[in-house]
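What follows is a short report on a single structure.
The values are calculated or read from the model by the stated rules, or taken from the named source; none is laboratory data. Small disclaimer: the values here were computed from a predicted structure and weren't measured. Here the Cβ positions follow ideal geometry from the backbone for every residue, glycine too, while neighbour counts run over all protein chains shown. Quick note on the areas: whole protein, heavy atoms, side chains included, nothing else; ligands and nucleic acids left out. Shrake-Rupley method; radii C 1.70, N 1.55, O 1.52, S 1.80 Å.
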Amino acid sequence: MTGLPSIAPQSHRSDARTAAESILRRQASRESAARTYARSLPIVPVRARGMTIEGADGRRYLDCLAGAGTLALGHNHPVALEAIRAVLDSEAPLHVLDLTTPVKEAFTTALFETLPPELAERGRIQFCGPTGTDAVEAAVKLVRTATGRGGLLAFSGAYHGMTAGALAVSGDTAARACAGEADARVTRLPYPYQYRCPFGVGGDRGAELSAHWTANLLDDPNGGLQPPAGMIVEPVQGEGGVIPAPDEWLRTMRRITDERGIPLIVDEVQTGVGRTGAFWAVQHSGIVPDVMVLSKAIGGSLPLAVIVYREELDVWQPGAHAGTFRGNQLAMAAGTATLRFVRENQLDQRAATLGARMLSRLRGLAAHHPCIGEARGRGLMIGVEIVDPDAERDDYGALPAAPRIAAAVQREALRRGLIVEPGGRHGSVVRLLPPLTITEEQAEAVLDRLADAIAAAERTVHPSLPE
Ligand code: PMP
């Protein structure tokens, strides 16, 4: 398949379009109001390969959402399919609770080969319920058990999942309110965010002030903190708007937590498996967390979530963190194949190089499009913050978020055969999370379509702008 819209005869295309529209309509009337991507991406995927998805209407799309960053190798990569077929053909049991199997042993070995040596040599793995949020719950529970303390340190803008405990350490106030009582034991700290610096200074100075704020609060006997069981942080905030933490800041967080005996939990659910240009994003700064939360790409497109942590924290009683679906053999096999493929083909390096090239073209684009506040990212985790070009800049030079323009960019991109998803504060950051296997031609096509979509979205705000 190529990335181009297919050229089926006109009559076939309109039949297919009508069929797709009726599927969408029926499903919209039966699914909950919480439907997410299905609202803004009204397509009906029926086939997919690499970064191309084909809809039931016969149209083809370049997928820059890739399962919200899950598909390191894109859709239906041959090595993942082969691994899944091998398990099916072997007649191995597909459901084994958390029993030991050769498939699980192979996955554990492949994963440990990728970890920072300190964790690989003296680490433990806990297989969690199937999705990222389950692993976050496990991490939080682990550090609370190990330290006997209840408090948690988390960051503004964080996203850790949708179950109650994970929401409590996330930043989305509206979603947290719906989940019940906000957890008063969570202390929110400022995450360094260059474009909208919480201290109004940006750059290295903003990150320094964030670290200073944190250390000062921890050492203030009247600071009002619940003694913290741990700090949880994303090395690049993904859902929060693709905000990479400076390496030096992460090293300072490691030092601050080390010096005070606070376990550091790094959530690599989205940043892991080569996405940011290193196999694990912590490798950029060289820090070794006490707990790593892993999911998405580690399952080779199937659900799998684990935590890996220092053995000193392993004070759990047998059965302390159980769950029925913690032994997905197909996901482990696809995950093993994916981890190996990324490593052997140095796709993390590829993500670094291609990502830097894409980012530099996007920054060039920003010069011609006043609605681009900032283009930023790390590796193939890229965000374009869309702002209102007609509004007044704040005292620190930032323009307000423009969620309506961002939504228009998404719509216009889809019309041009490109799937992107806005995220971040106010849903105003257009995110690119292509598979690490994206070719240079595909990267060019993505940027061409996105550039056109941005221009078209701008014209919806300023109809007088030239075509
Ligand atoms: N942590 C991070 C950093 C994430 O990006 C996500 C999902 N986007 C989660 C946790 C939650 O994972 P899941 O949606 O699989 O529960």
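For region 142-228, the Cα-based Rg and Dmax, in that order, read 14.0, 39 Å.
For the chain, the normalised intensity computed at q = 0.09, 0.11 Å⁻¹ comes to -0.61, -0.92 (log10 of I(q)/I(0), Debye sum over alpha carbons, equal scatterers, no solvent). Straightening the chain between S14 and A164 buys 49.5 nm, computed as 0.36 nm per residue apart minus the Cα-Cα spacing.
Suppose all protein chains stay in the model; what accessible area per residue would a 1.4 Å probe give for the chain, in Å²?
With the other protein chains kept in place, the chain gives 44 Å² per residue.
Over all orientations, region 302-451 has a Cα convex hull whose mean projected area works out to 13.4 square nanometres. Compute the normalised compactness of region 1-152: alpha-carbon radius of gyration over 2.2 N^0.38 Å, N being the residue count. Ratio of Rg to 2.2 N^0.38 Å for region 1-152: 1.43. Approximating the spin labels as points 7 Å out from Cα along Cα→Cβ, the R49-to-R340 distance works out to 2.3 nm. Relative protection proxy for 430-437, 412-419, 252-259, from highest mean packing down: 430-437, 412-419, 252-259 (other beta-carbon atoms within 10 angstrom). Put a plus charge on the Cβ of each Lys and Arg, a minus charge on the Cβ of each Asp and Glu, and nothing anywhere else: the dipole of region 78-344 about its Cα centre is then about 280 debye.
Here the average projected area of the convex hull drawn through the C-alpha atoms of region 252-320 stands at 5.6 nm².
Here the gap between D98 and A215, fully extended at 0.36 nm per residue and compared with their Cα-Cα distance, gives a gain of 38.1 nm.
Just subtract the alpha-carbon distance of A322 and Q226 from 0.36 nm times their residue separation and send over the number in nm, one decimal.
Values: separation 96, 0.36 × 96 = 34.56 nm, distance 2.76 nm.
Once the chain is fully extended between A322 and Q226, it gains 31.8 nm.
Here r is the Cβ-Cβ distance between S29 and H462 and R0 is 22 Å; the resulting FRET efficiency, rounded to 0.05, is 0.05.
Its Kirkwood hydrodynamic radius, worked out from the mean inverse distance over all distinct Cα pairs, puts region 78-344 at 19.0 Å. Using C-alpha pairs below 8 Å separated by at least 6 residues, the relative contact order for the chain is 20 percent. Working note: 222 nm ellipticity from helices only, DSSP H runs with n ≥ 4, each -39,500 (n - 2.57), summed and divided by the residues of the chain, gives -13000 deg cm²/dmol to the nearest 500. Relative to the Cα centre, the charge distribution of the chain, modelled as +1 at Lys and Arg Cβ and -1 at Asp and Glu Cβ, gives a dipole magnitude of about 920 debye.
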